[in-house]
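Okay, structure first, notes after.
The values are calculated or read from the model by the stated rules, or taken from the named source; none is laboratory data. Keep in mind that what you see is a predicted model, and the values were worked out from it rather than measured. We place every Cβ from the backbone using ideal geometry, glycine too, and count neighbours over all the protein chains shown.
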């Protein structure tokens, strides 16, 4: 019997599969102690799971992927060390190491660093597709070594990502010029939000494909890449961002890439309106699952 969306189990997309039977696992990380503006991303995993119920009453028309061929499990939330960023990063890395393929619901963007540390022990340096309003390569987080504004500074310096295979989409926030120059100097490709608006999803997707190539690639989507009119529930909103249709249209055109993990971060439900930010995050994660399903060999 078909279950109404409002009665679906409180896991991501209502999955009730055991991790041992899953192709990939979904985990929440309720960390937000390294944010620089509005807090509240600790509540995002629950809100995104709740909003994901809206996506359970049919298939994704973008490719008509059969998600039953891609069994996935929700393993709940990872443990963190309250008030202790370095120890939280250690705990997240340790827990992430148990899963070959993770789709993670943040939490602040700092969670990407330990996820990459765990992943690259198996894969070596990966390519990175990074949607964000912010460049996130500040050398520190307002004097703090780790935080959501410095995650990719550390990822590049630790050799977790190959900057020549790294592309950032939607960048538009204020930043020091030397941070921009350092990032470009490392070989990172930066597509501003304005550049995306002046282009087309097809052209942006082709640029992304050209940068990341055929090797393993990680997708990190900060919800503030979207315009605040599309995603008000975030800690550091910036005007003139991407629209939901643009982000989805770009992602739909990335089928065939060798994805090895994804996170969607920086949803802050307390600032949301009618769940639109949480639903956007859930839909982006749903689209990632659809891409993976489309990558499976034909029956």
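Number of residues in region 76-129 that are assigned to a strand (DSSP E or B) and surrounded by 17 or more Cβ atoms within 10 Å (Cβ to Cβ): the value is 10. Any chance region 260-281 includes a residue that's in a helix (DSSP H, G or I) and closer than 13 Å to residue 131 by Cβ? Yes, the conditions are met somewhere in region 260-281.
Taking the listed residues 86, 114, the one that is modelled with pLDDT of 95 or more and closer than 27 Å to residue 184 by Cα is 114, with no other qualifying.
If you go through region 117-130 and keep only what is farther than 18 Å from residue 186 by Cα and touching a strand residue (DSSP E or B) at 6+ places or on another chain (Cβ under 7 Å), you end up with 119, 120, 123. None of 211, 217 is closer than 20 Å to residue 115 by Cβ and out of contact with any helix residue (DSSP H, G or I) (no Cβ under 7 Å at 6 or more places or on another chain) except 217. Among strands (runs of 3 or more DSSP E) entirely within region 131-227, having at least 3 residues that are more than 25 Å from residue 277 (Cα to Cα) and touching a strand residue (DSSP E or B) at 6+ places or on another chain (Cβ under 6 Å) singles out 161-171. Filter region 244-259 down to residues that are out of contact with any strand residue (DSSP E or B) (no Cβ under 7 Å at 6 or more places or on another chain) and part of a loop (DSSP other than H, G, I, E, B) and give me whichever is farthest from residue 115 (Cα to Cα). Per the criteria, the residue is 253.
Checked against (1) within 24 Å of residue 213 (Cα to Cα); (2) surrounded by 20 or more Cβ atoms within 10 Å (Cβ to Cβ), residue 148 passes all but condition (1).
The rows are residues; the columns are (1) under 17 Å from residue 261 (Cα atoms); (2) within 16 Å of the chain's Cα centre (by Cα).
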residue: 10; (1), (2): no, no
residue: 13; (1), (2): no, no
residue: 18; (1), (2): no, no
residue: 21; (1), (2): no, no
residue: 70; (1), (2): yes, no
residue: 75; (1), (2): yes, no
residue: 79; (1), (2): no, no
residue: 83; (1), (2): no, no
residue: 102; (1), (2): yes, yes
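Number of residues in region 35-61 that are surrounded by fewer than 22 Cβ atoms within 10 Å (Cβ to Cβ), part of a loop (DSSP other than H, G, I, E, B) and in contact with a helix residue (DSSP H, G or I) (Cβ under 9 Å, 6 or more places away or on another chain) equals 7.
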